[in-house]
1. What relative contact order, as a whole-number percentage, does the chain give when Cα pairs under 8 Å and 6 or more residues apart are counted?
2. Assigning unit charges at the beta carbon (Lys, Arg +1; Asp, Glu -1) and nothing else, what dipole magnitude in debye, to the nearest 20, does the range 1-123 show about its Cα centre?
3. When a/c is below 1.5 the answer is rounded, else prolate if a/b is larger than b/c, else oblate, so apply that to the range 24-105 with a ≥ b ≥ c taken from the square roots of the Cα gyration tensor eigenvalues.
4. Mind computing the radius of gyration and Dmax over the alpha-carbon atoms of the range 68-275? Å is fine for both.
5. First check a/c for the range 165-229, with a ≥ b ≥ c the square roots of the eigenvalues of its C-alpha gyration tensor; if it is under 1.5, answer rounded, and if not, answer prolate when a/b is larger than b/c or oblate otherwise.
6. Which of THR100, SER66, GLN234 sits closest to the plus end of the dipole of the chain, meaning its Cα is farthest towards the positive end, when Lys and Arg get +1 and Asp and Glu get -1 on the C-beta?
7. Nothing charged except the Cβ atoms of Lys and Arg (+1) and of Asp and Glu (-1): what's the magnitude of the dipole of the chain about its Cα centre? Round to the nearest 20 debye.
8. What shape does the range 1-70 take by its C-alpha gyration tensor, where a ≥ b ≥ c are the square roots of the eigenvalues and a/c under 1.5 counts as rounded, a/b above b/c as prolate, and the rest as oblate?
Amino acid sequence: MVTKRNKKIKPSRVIIYTVLILWAITTIFPFVWVIINSFKPSSEVLTSSFSLPKAFSGDNYITAFSRLNVLNAYKNSLLISCSVTAGVMVLSALMSFGLTRYQFKGKKMIQSLIIASLMFPVFSTIIPVFRMIVSWGLLNKNIAVILPQIAGNLSFATVVVTGFMQNVPIEMEEAAYMEGANVFQVFGRIIVPLCKPSLSTVAIFSFLWSYNDLFVQNIMIRDNTKFPISTLLQQISSLYGTDFGLMAASVAIIIIPVVIVYIFLQKNIVKGLTAGAIKG
């Protein structure tokens, strides 16, 4: 006869779960607050911002899409973010493959420089980068944002992919070489499929960081018709800062894609970050 053992609830576990629940509430509440107020007129937001709307209305969203160039800003943001994600994935995978599979002079120095570059904020390099973009004639073009963002995300991506790739068994590659495969076939058919968890993590973070970036976008793009969604929100806050219902709707339009990405891809984020630290 199988008997169930009564598990004792430890006080430490109660404390941990209490802290996590409180942290979750403080994190989720601002999103809920914004969504609720996006369905209210501005006058109602001022008088009762913490209550449900008297009547749910989509006028703020209609105004946001009709008066503001939201769809065009979405197109610009997706074009920039997807290009940055693809560039970071390809370059980080190639760099990690070279650093983990080949021995050459200056390898340790390159690894040290990659780690050191993580300590430099984008604010410290934006002036020379801006002068380069202007000298190349790329100002007010999407590529003016794409190139700096790829450079800014590449160090982190290389560290993540390198940590994972170091634990990929080299015997599979050696067997492929013995069968006549070249280095490009080994990289494309063996390394890349095995590194999907880390590459997924790199893709998610690169996309979200690029999508949410305001500093580089605000510096490199001055044309209103080419504003990404984050820069458009800044313009909305300066022009319609007193229309709190419209502001809430604009913020909701911007954050909903980010929340969706986190909800559906959070397992890939955790798996990719932890897989490289576990040796099998």
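Values quoted throughout were computed directly from the atomic coordinates according to the rules given, and no laboratory measurement underlies them. Just so you know, these numbers come straight off a predicted model, no measurement behind them. Here the Cβ positions follow ideal geometry from the backbone for every residue, glycine too, while neighbour counts run over all protein chains shown.
1. Working: 269 pairs, mean separation 89.3, N = 280.
Answer for the chain is 32 percent.
2. Working: 14 positive and 2 negative charges, 205 e Å.
For this selection, approximately 980 debye.
3. Working: a/c = 6.40, a/b = 2.38, b/c = 2.70.
Judged from the Cα gyration tensor, the range 24-105 comes out oblate (a/c at least 1.5, b/c at or above a/b).
4. Final numbers for Rg and Dmax: 19.7, 69 Å.
5. Working: a/c = 5.19, a/b = 3.11, b/c = 1.67.
It comes out prolate by the Cα gyration axes.
6. THR100
7. Working: 23 positive and 9 negative charges, 193 e Å.
The calculation lands at about 920 debye.
8. prolate
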